[in-house]
Amino acid sequence: MKDMAVLRERLKTVVVTTVTPLQPDGSIDYATAARHARFLVDHGIQVVVPAGNTGEFASLGLDETHRLVATVVDAVADRAMVLAGVGWSMPIAVDLARRAQDAGAHGIMIHHPVHTYSHPRGLQQYYEKIMDAIDIGVLLYKRGPELPDALVADLVQSDQVIGVKYAENDVNAFTNLVASSDAPVTWLCGTAERWAPFFHLGGAAGFSSGLANFAPEKPLQLHAALSARDYVRAMAIRAELAPFEELRQRHHSANNVPAVKEAMSILGFCDARVRDPLLELDDQESESVRQIVASWGLGVPDAPAIAGRTQSMKGVGQ
């Protein structure tokens, strides 16, 4: 079994849920995924999560998920920690977890449960059976009441659990959970930069990020400020990034992935294409992304945003 204490320590940072680049025909662009992973590591990112929600996990086939994880593992080697997203039914999650382990991933992130009906004890067995199938680290992912805090408190007692990505914006509940647990896990804010300062005060040692896919220095600066307890600086960075995060939240967060991919297409990283049931941004939203990214000084080209949508990270991270 991997040294879980080392993995927990490495998790105290910005955790990037990577996008899944797509070809014009909708298939996965694995070459760009590899280049993108190297770009992130080259720019200071230490933890990447392929096949997360920002990676459109729910729209990927099982073989696609496995190949995507293996591609990212091969691209970053041991320069960064790779946590592979797994989920759906217990047999599918176990299969994905085992294949991630075989590919060399340092751990898995178990997606928030999607089952319409579940018994509390049955849900606990679901997690335990996934963990029993592997001997790599496990990051729990909570987005709502389907994974109760009481069950999280039980699951983190396992030596195999390295952290919790808490993505429900209830800072009081999060703070109470952290305070009530003596488990040596790493607690993460799972709702990115806008909420990171508040969760940090409640015990989060890191946070997840989507915009880090194209602007990794921004969340790294925020994390550094929080770690140094420079809250004036942290809140200033939060204010700078908030307009983009608010745009991502539109349409009941359906813009979450398309906004990130739009920014990446503008900057020449990859195509803005997403899979159903998501839609690309409309022209007005696209222009808003262009203006926000330009305000960050990221070298946005003068051409209309759509001109960058078919580029594929030419020369980036190579």
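The values are calculated or read from the model by the stated rules, or taken from the named source; none is laboratory data. On a predicted model such as this, the values are computed, not experimentally measured, just so you know. Note that we place each Cβ from the backbone using ideal geometry, even for glycine, and neighbour counts take in every protein chain shown.
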Original post:
Counting just the residues of the stretch 215-235 that are within 18 Å of the chain's Cα centre (by Cα) and not in a helix (DSSP H, G or I), which one comes out nearest to His43 (Cα to Cα)?
Top reply: Pro216
Subject >> Which listed residue, of Ser118, Ser158, is surrounded by fewer than 16 Cβ atoms within 10 Å (Cβ to Cβ), over 20 Å from the mean Cα position of the chain (by Cα), over 15 Å from Ala93 (Cα atoms) and among the hydroxyl-bearing types (Ser, Thr, Tyr) >> reply: Ser118
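Among the helices (runs of 4 or more DSSP H) lying completely within the stretch 3-99, list those that include at least 3 residues that are within 22 Å of Gly268 (Cα to Cα). Reasoning before the result, please.
On the way: elements: 4-10, 30-42, 62-76.
Fully inside the stretch 3-99 and qualifying: 30-42, 62-76.
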**OP:** Output yes when any residue across the stretch 46-56 is more than 16 Å from the chain's Cα centre (by Cα) and without any contact (Cβ under 8 Å) to a residue 40 or more places away in the chain, and no when none is.
**Re:** no
**OP:** Could you please tell me which pairs satisfy a Cβ distance under 9 Å, a separation of 6+ or placement on different chains, a first residue in the stretch 11-28 that is closer than 14 Å to Ala196 by Cα, and a second residue that is of a type in the set (Phe, Trp, Tyr)?
**Re:** Thr13/Phe207; Val14/Phe207; Val15/Phe207
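Could you count how many residues in the stretch 194-221 are free of Cβ contacts under 8 Å to residues at least 60 places away in the same chain and closer than 22 Å to Val300 by Cα?
Filtering the stretch 194-221 for residues free of Cβ contacts under 8 Å to residues at least 60 places away in the same chain gives 194-204, 211, 221.
Next cut, closer than 22 Å to Val300 by Cα only: 211, 221.
Number of matching residues: 2.
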Original post:
Counting just the residues of the stretch 236-270 that are out of contact with any helix residue (DSSP H, G or I) (no Cβ under 6 Å at 6 or more places or on another chain) and part of a loop (DSSP other than H, G, I, E, B), which one comes out surrounded by the most Cβ atoms within 10 Å (Cβ to Cβ)?
Top reply: Phe269
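Can you tell which of Ala196, Ala183, Ala204, Ala212 is of a type in the set (A, V, I, L, M, F, W, C), surrounded by 24 or more Cβ atoms within 10 Å (Cβ to Cβ), outside any helix (DSSP H, G or I) and modelled with pLDDT of 95 or more? Reasoning before the result, please.
Details: Ala196 fails: outside any helix (DSSP H, G or I); Ala183 fails: surrounded by 24 or more Cβ atoms within 10 Å (Cβ to Cβ); Ala212 fails: outside any helix (DSSP H, G or I).
Just one listed residue meets the conditions, Ala204.
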